[in-house]
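Structure first, commentary second.
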Amino acid sequence: MKRHIAVTGFMAAGKSTIGKKLARRLNRRFYDLDEVIAKKHGPVPVIFEQLGEAAFRSFEFGELSEIIEGEEPAVVALGGGAVTYAPSLELLKKSAYRVFIKLSATQLLTRIRRSKNVRPLLGKAPTASAVEALYAKRLPLYMQSDVIIEAAHMTPTRVVDAIIQQLDEGKP
Ligand code: S3P
């Protein structure tokens with residue numbers, strides 16, 4: 001388990017909560033990629049609004065590269081779209097175990113609607129069809145992950161247990 005661990009999945013899947021707990025359990029440093037980007041470049045919705053998605057993906061790639069180049073293997077919670085950008089995906093394939101937190105589109109929509117985070121790609125009132133369409137498009141990318149956790153009805157602690165168990169079993 002010497003590689004970085006990148007937690008991936010759709011918006012509001014719980015990547016940050018799970019990533020933070022996982023890092024604590026493994027005694028690793030934790031990075032929330034969206035937070036790292038915001039610290040350097042300003043709030044994510046503002047980046048999308050003023051500079052567009054392409055600029056955001058390029059900031060995301062830059063910050064991810066810095067984390068990956070760090071010597072100590074860390075845990076990083078990705079933004080939901082990080083794996084859609086080919087250079088970021090290639091970097092992750094080379095240097096990290098990707099862990100997919102899998103929930104249904106219906107569960108994700110409920111979580112997105114409850115969350116206070118603004119998701120620029122879905123707008124202020126996310127619809128079921130928008131979530132379903134974007135999730136369907138991204139699912140093949142998430143499914144390429146080294147570890148896939150069917151996280152429905154699982155607490156974050158149980159998800160973390162399942163991740164550690166699968167990594168220990170040497171599946172990736
Ligand atoms: C995005 C997800 C967001 C954030 C940005 C783009 C996406 O992160 O990176 O709004 O393309 O799915 P979360 O997955 O934490 O919401």
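The values are calculated or read from the model by the stated rules, or taken from the named source; none is laboratory data. The structure displayed is predicted, hence computed values, not measured ones. So basically every Cβ, Gly included, is an ideal-geometry build from the backbone, and we count neighbours across all protein chains shown. Side chains included, ligands, DNA and RNA excluded: accessible areas come from the protein's heavy atoms. Shrake-Rupley method; radii C 1.70, N 1.55, O 1.52, S 1.80 Å.
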Would you mind stating whether residue 120 is of a type outside the set (D, E, K, R), open to solvent by 40 Å² or more (accessible area, probe 1.4 Å) and modelled with pLDDT under 95?
-> yes
> Within segment 124-132, can one find any residue that is crowded, with 18+ Cβ neighbours inside 10 Å, among the charged types (D, E, K, R) and in a helix (DSSP H, G or I)?
Replying inline: no
Looking at the structure I just gave you, is residue 83 within 12 Å of the ligand (Cβ to nearest atom) and either open to solvent by 20 Å² or more (accessible area, probe 1.4 Å) or of a type in the set (Ser, Thr, Tyr) (or both)? no
Scanning segment 33-57 residue by residue, those among the acidic types (Asp, Glu) and within 17 Å of the chain's Cα centre (by Cα) turn out to be 34, 35, 53
Residues of segment 137-156 being in contact (Cβ under 8 Å) with a residue 60 or more places away in the chain and surrounded by 19 or more Cβ atoms within 10 Å (Cβ to Cβ), in sequence order, are 142, 145, 151
Just one listed residue, out of 66, 53, 49, 35, is open to solvent by 50 Å² or more (accessible area, probe 1.4 Å) and away from the ligand (no atom under 16 Å from the Cβ), and it is 66
Note on segment 125-172: residues in contact with a Ser or Thr (Cβ under 8 Å, 6 or more places away or on another chain) and within 13 Å of residue 99 (Cα to Cα) are 141, 142, 145
Output for Cβ contacts, cut-off 8 Å, separation at least six or different chains, first residue modelled with pLDDT under 95 in segment 125-136, second of a type outside the set (Lys, Arg) and surrounded by 12 or more Cβ atoms within 10 Å (Cβ to Cβ), reads 126/109; 126/112
